[in-house]
């Protein structure tokens, strides 16, 4: 496999291929280097766990959490 980074000066680019590639399927891809290297935005925890609890389970968890917080406030 051969890969290289270029900065084109015109809309036309000429590509030379090795003799062993002749008669074979060769993939040519154009991608902006800046776009390819951009980090993906970090996923929030709420997005990661959305839909993992049933509605009843979530309500029970919220009630339990509120009870625990109230106990801490009473100390």
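The values are calculated or read from the model by the stated rules, or taken from the named source; none is laboratory data. If you're wondering where the values come from, they're calculated on a predicted model, not measured in any experiment. All Cβ positions, even for glycine, are placed from backbone atoms using ideal geometry, and neighbour counts span all protein chains on display.
Values computed for the structure shown
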item: From the options 52, 2, residue that is loosely packed, with under 10 Cβ neighbours inside 10 Å, at pLDDT 80 or above and out of contact with any helix residue (DSSP H, G or I) (no Cβ under 6 Å at 6 or more places or on another chain); result: 52
item: Which listed residue is in contact (Cβ under 8 Å) with a residue 24 or more places away in the chain and within 30 Å of residue 3 (Cα to Cα), from 33, 40; result: 33
